[in-house]
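Below is one structure, written out as structure tokens, with a few remarks after it.
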Amino acid sequence: MSPTSAPPTDVPSDNQWINATNGRIASERFSWLQAVVWAHEDQAYRNTSGHGPQRIGDTTLAVALELIRFNPCRPGVDILARRLNRSVRTIKYHLGILRATGLLAYRAKGTRVSGVGNLASEYVWTIPQAFDTALHLTTRASDRLIRRVTGIKDAGRKRIRRLARTVQKLLGRREARRARRARRTNRRSSNTRCTPMRGGSESLSTAGPTSLPPESKLDNGEAFSAAPKKSRTRRALNATGRRFQLARELIEQTEWLNRCSVPRIAWIVRRVADAGWTSTEVRAWLYLRGESQHVRRPSGFLATVLHNAENVLDTPAKRADAVERWRASLEIARRERIQSVRRHAERFDDVWQPPTSPAVRRLVDTAFAARPLVSHSADQDILHAVSGIGELTAAEIEASREEARVRLMSGDTDLISTAVASMGHQVASDLYGRDLVLRGLQLMSATRSPLLSVGT
């Protein structure tokens, strides 16, 4: 490290989250790469663990160049290892270096969510405060970016121009490597014989030289084809294709089937698929047979439930009647959830009375001081949303999603958890968006996160 460079930064694990970092969010990718190059030149990283890489090297820069291709920045470790031809352990080391230097911050930490599967960590590109100090940048507070740059002093202009040229070279090298790989692929695919007698395409022709036509006979350049263009029509699915299509739809629509393989489910539903059943009719049959929410072996349970189904509901009229009964039960369940939420809201409309026991009162006072009560407007929002997504306007849905997003950024998952518990996962995903609900469930399951303690 040069004598004029900034001291190494060491961001603790508790401050490697977006709502705990002291850096600012990068407004675009080029500025973030400038900060990465600065950290590489000034060696703004100090290894305190005793194992792993000791400094920011070329592999760290390669990882950063791959991260700018993901928006939102949610790369899987296996994907990065495969693209960079590195081990998974190496990728984890260098992601940790970027977090410890303040160049990455967690938005959501990767974990396993029951019923959903493994989720990759989602990061935010951040620029540490040491970079602003070293480059003599002036910043001010911002609601969206934590801080935003308002100017730069003369002492930092030369350095930031040099960083910009370095970033342009790195991006140029990456594009050059992609072009070389594409040329090698094209060369391998075009190295074939195109003339008889085992002659290559570069050999001289015996037909003599050819002359160009005069300019008076040149066409106007517009494309013309004598044969009419044939419209592409989708090929009709055969019996095997219909089985796989029904299997994919059932895996997407049924929660307890989401980890099953498509070929196995296609083999199980082969008889109902050949009889012309749709995924809606299969789900209606599962309801009539008594669908369970806790299935230990999904494929075996599905095979047992679908046994002889094609003979019981052997006509389209019978299957349509089953679908109507299933939809009627869903409507009754939805109305019961609405009544339950309303009773819950009315139960807490009365004025709250403190407990009479002094010990319990002290515990309540401590809890209230540690975390303020959520306003009653959240329950009203849930009541309004559970009455039906179709009754809400686009502006109301966007306002609900923005409120849930703001609360989730501060670590509050009560709004999403209440919606999932009262309305179900599907309706909550329609209201707040699938990604936002998954982030909320992910934060709820990450019990080791310091952000989930009371008072943060």
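Worth pointing out:
- Sub-8 Å Cβ pairs linking a first residue in region 283-296 that is assigned to a helix (DSSP H, G or I) to a second residue that is at pLDDT 80 or above and of a type in the set (Ser, Thr, Tyr), at least 6 apart or interchain, are Arg283/Thr254; Leu286/Thr254; Tyr287/Ser329, ordered by first then second residue.
- Considering Leu80, Leu61, Leu67, the condition of being in contact with an Asp or Glu (Cβ under 7 Å, 6 or more places away or on another chain) and aliphatic (A, V, I, L, M) is satisfied by Leu80 alone.
- Test: Ala141 is of a type in the set (A, V, I, L, M, F, W, C) and crowded, with 17+ Cβ neighbours inside 10 Å: no
- Conditions (1) surrounded by fewer than 18 Cβ atoms within 10 Å (Cβ to Cβ); (2) more than 25 Å from Leu443 (Cβ to Cβ); (3) basic (Lys, Arg); (4) touching a strand residue (DSSP E or B) at 6+ places or on another chain (Cβ under 8 Å): number failed by Arg29: (1)
- Qualifying residue in region 53-69 (condition: β-branched (Val, Ile, Thr), surrounded by fewer than 16 Cβ atoms within 10 Å (Cβ to Cβ) and over 20 Å from Glu175 (Cβ atoms)): no
- Residues being part of a helix (DSSP H, G or I) and either at pLDDT 90 or above or farther than 16 Å from Leu306 by Cα (or both) - total across region 252-279: 16
- Close contacts from region 393-419, counting a first residue that is farther than 14 Å from Asp435 by Cα and a second that is among the basic types (Lys, Arg), with Cβ to Cβ under 8 Å and a gap of 6+ residues or different chains, come to Asp414/Arg407; Leu415/Arg407.
- Residue among Trp277, Trp326, Trp285 that alone is closer than 23 Å to Gln426 by Cβ, touching a Phe, Trp or Tyr at 6+ places or on another chain (Cβ under 6 Å) and buried (at least 16 other Cβ atoms within 10 Å of the Cβ): Trp326
- Hits in region 414-438 (condition: part of a loop (DSSP other than H, G, I, E, B) and at pLDDT below 80): Gly424
- Looking at region 33-136, the helices (runs of 4 or more DSSP H) lying wholly inside it that each contain 3 or more residues that are at negative phi and free of Cβ contacts under 8 Å to residues at least 40 places away in the same chain sit at 58-67, 77-84, 88-100.
- When region 164-175 is filtered for residues that are within 15 Å of Leu65 (Cβ to Cβ) and in contact with a helix residue (DSSP H, G or I) (Cβ under 7 Å, 6 or more places away or on another chain), the ones remaining, listed by number, are Thr166, Val167, Leu170, Arg174.
- Remark: Ala309 matches the filter, which requires a residue to be under 23 Å from Glu252 (Cβ atoms) and in contact (Cβ under 8 Å) with a residue 24 or more places away in the chain.
- Checklist (1) among the hydrophobic types (A, V, I, L, M, F, W, C); (2) surrounded by fewer than 16 Cβ atoms within 10 Å (Cβ to Cβ); (3) within 27 Å of Ala333 (Cβ to Cβ) applied to Val262, failing item: (3)
The values are calculated or read from the model by the stated rules, or taken from the named source; none is laboratory data. Quick caveat: nothing in here was measured; it's all calculated off a predicted structure. Virtual Cβ from ideal backbone geometry, glycine too; neighbours counted across all protein chains shown.
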